[in-house]
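Asker: After the structure tokens below, expect a handful of questions from me.
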Amino acid sequence: MYTISRSAILAALAASSILLTGCAVFGGGGRTRADTRYVARDVNTLYNAGWDRMRRRHYLQAALIFDEVERQHPYSVWARRAQLMSAFNYYAARDHTKSIESARRFLSIHPGNRDAPYALYLIALNYYERINDVTRDQAITRQALETLGELVRRYPDTPYADDARLKIDLVRDHLAGKEMEIGRFYQRRGQWLASVIRFRAVVDDYQTTSHAAEALMRLTESYLALGVPDQARRSASVLGANYPQSHWYRRAYELVQRHAPDGAAPAAPAPATGTR
């Protein structure tokens, strides 16, 4: 996350004719920050200065100036616009925490505003773009999924909801990938019951993702290792019914034929066509 102190913005503000009356530096919590106080300026001067910084891609500078618009002119229509502009510029500067704070403040004050869907979309993007790979904790991923889902529920007919629906599919696939990664880890350690729990979660909660077929094959493996062939055959049968041409089904079928040939065997796999 990028950071910038209030004093660091002084030169930019001065160039925009925003006058400084004083700067007091004090310590707090072992850190030093500047408390920069500006003479009240008309809203057009402040807003235009922020717009100029944004146009030149000085996003952190722009965000701080738009914050100043809201501080100096809290009851003007410009304050409402500045909240969103601040949220966007913090997002562009990759200061996701500040962006979320600005967007949530806008939603709390103006929940029925026509720009509310955009504010919620910004919050979702700030979470979405911080999603970690499947080897890391997925708390942010779940926050992204929750916010994207809220956007679709509250504003289903907006372009933001259309994009959110696409991202929801990607996020769900990512979360399923995390479950698969943990399930495979348990398999490597011979903790078959724990692996079953993870693979069942994929089958039950993420059945439309790209991981569902492998999860069913891994369930077949784990059930065979646990000595419950009926469950293994059932998993293989579900796999065959839904993914008859996949290499995952051919693998599960071979396992069942080799280790649990008795009982209701799954159907033979379809001829290979290159589908994986």
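The values are calculated or read from the model by the stated rules, or taken from the named source; none is laboratory data. Every value quoted in this text rests on a predicted model; they were computed, and no experiment measured them. Quick reminder, even Gly has a Cβ in these numbers, built from the backbone with ideal geometry, and neighbours come from all protein chains shown. In case anyone asks, the SASA skips ligands and DNA or RNA and just uses the protein heavy atoms, side chains included. Shrake-Rupley method; radii C 1.70, N 1.55, O 1.52, S 1.80 Å.
Asker: Kindly check whether there is at least one residue in the range 253-265 that is charged (D, E, K, R) and surrounded by 14 or more Cβ atoms within 10 Å (Cβ to Cβ). Walk me through how you get there before you give the answer.
Answerer: Within the range 253-265, the first condition is being charged (D, E, K, R), and the residues that meet it are 254, 258, 262.
Add one more test, that the residue is surrounded by 14 or more Cβ atoms within 10 Å (Cβ to Cβ), and what stays is none.
Among the residues of the range 253-265, not one is charged (D, E, K, R) and surrounded by 14 or more Cβ atoms within 10 Å (Cβ to Cβ), which makes the answer no.
Asker: Another question about this same structure. Residue by residue through the range 156-194, note down the ones that are open to solvent by less than 50 Å² (accessible area, probe 1.4 Å), over 13 Å from the mean Cα position of the chain (by Cα), in contact (Cβ under 8 Å) with a residue 24 or more places away in the chain and within 18 Å of Thr209 (Cβ to Cβ).
Answerer: Across the range 156-194, the qualifying residues are Ala176, Gly177, Lys178, Glu179, Met180, Gly183.
Asker: So if I check each of Arg136, Arg130, Arg153, which one is free of Cβ contacts under 8 Å to residues at least 24 places away in the same chain, open to solvent by 30 Å² or more (accessible area, probe 1.4 Å), farther than 18 Å from Arg198 by Cβ and of a type outside the set (S, T, N, Q)? Working first, answer last.
Answerer: Values: Arg136 fails: farther than 18 Å from Arg198 by Cβ; Arg130 fails: free of Cβ contacts under 8 Å to residues at least 24 places away in the same chain.
None of the others qualify; the one that does is Arg153.
Asker: Continuing with the same structure: Does Thr97 count as more than 25 Å from Val152 (Cβ to Cβ) and touching a residue at least 40 places away in the same chain (Cβ under 8 Å)?
Answerer: Details: more than 25 Å from Val152 (Cβ to Cβ): no; touching a residue at least 40 places away in the same chain (Cβ under 8 Å): yes.
So Thr97 fails the test.
Asker: Now a separate question. From the residues in the range 71-109 that are touching a helix residue (DSSP H, G or I) at 6+ places or on another chain (Cβ under 7 Å) and farther than 21 Å from Leu125 by Cβ, which one is least open to solvent (accessible area, probe 1.4 Å)?
Answerer: Here the answer is Ala79.
Asker: All but one of (1) at pLDDT below 95; (2) of a type outside the set (Ser, Thr, Tyr); (3) surrounded by fewer than 20 Cβ atoms within 10 Å (Cβ to Cβ) hold for Asp204, so report the exception by its number.
Answerer: For Asp204, the failing item is (1).
Asker: Return the pair list, or none, for Cβ contacts closer than 9 Å from residues in the range 45-56 that are surrounded by fewer than 23 Cβ atoms within 10 Å (Cβ to Cβ) to residues that are hydroxyl-bearing (Ser, Thr, Tyr) and at pLDDT below 95, at least 6 apart or on different chains.
Answerer: That search, which allows pairs on different chains as well, returns Thr45/Ser16; Thr45/Ser17; Asn48/Ser16; Asp52/Ser16.
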